[in-house]
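The values are calculated or read from the model by the stated rules, or taken from the named source; none is laboratory data. Being a predicted model, the structure only gives us computed values, none of them experimental. Here Cβ is always computed from backbone atoms with ideal geometry, including for glycine, and neighbour counts include all displayed protein chains. Ligands, DNA and RNA are stripped out before the accessible areas are found, and what is left, the full protein with its side chains, is counted by its heavy atoms. Shrake-Rupley method; radii C 1.70, N 1.55, O 1.52, S 1.80 Å.
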Amino acid sequence: MLIQDPLRKKLNDLINIGVFQAADILNSLVNKPINLEVPYIKIINSADAIEEYDYLKNNKLSIVQMDFGGPLSGVSQLFFTKENAHKLTHAFAGYYNLEEDTESLFEATFIEIGNIVLNSLMGSICNVLDTRIRFKAPFYLEQTMQDVIKNNLDDSKRALLAKTKFTISELELSGDFILFLKFETLSKIIEIIDEHISTDNE
């Protein structure tokens, strides 16, 4: 599927709204300024995605995943390296002594952060599209990026990857928002955006 320029711009704008809203929420959670890269979108297959995240191929990541369904369906994730995820939860919880940290406390805190941020991300997108989706309960994963891609992208299928990287300089950490949107969902979003463009041009 080729996305024409007017649609691509609208789609980028849509993702930008969700990502910047999510970053703003994350900012308020950790009370630290966040530097956000401009999000971008790409239609990919699994091989493309592996190449896209080649720099993370040997890293085990701490991930909060939230699946969603309804008129739009797909997977949203917030992920960091394990070390950076711990830094984030410490900032959120207001403690910094690693010796007092426990794995169960870390996972529960990280899931809560992911739940708030990913709900904000998808909620903003759905508000713009004037549609509703059903969220599944977020859960914690430790996987390599290759595992993430293998679990979310069939070799024979393509999907929309929407991603951005952000950094919190004061905490010396960086992480990623990522969306895998099923191809049928992409078609639905494009249909809605196309209707908006047609209305704007009337």
Every listed condition ((1) open to solvent by less than 40 Å² (accessible area, probe 1.4 Å); (2) at pLDDT below 85) holds for residue 98 save (1)
What number of residues in the stretch 175-189 are closer than 17 Å to residue 121 by Cβ, of a type in the set (Gly, Ala, Ser) and surrounded by fewer than 19 Cβ atoms within 10 Å (Cβ to Cβ)? 0
Between a first residue in the stretch 28-48 that is over 30 Å from residue 186 (Cβ atoms) and a second residue that is open to solvent by less than 40 Å² (accessible area, probe 1.4 Å) and in a strand (DSSP E or B), which pairs have beta carbons less than 6 Å apart while being 6 or more apart in sequence or on different chains? 32/168
Using the structure shown, decide if residue 22 is closer than 21 Å to residue 167 by Cβ and in a helix (DSSP H, G or I). yes
Across the stretch 26-44, the tally of residues that are modelled with pLDDT under 80 and surrounded by fewer than 16 Cβ atoms within 10 Å (Cβ to Cβ) stands at 4
Which residues, taken from the stretch 151-195, are touching a Ser or Thr at 6+ places or on another chain (Cβ under 7 Å) and basic (Lys, Arg)? 165, 182
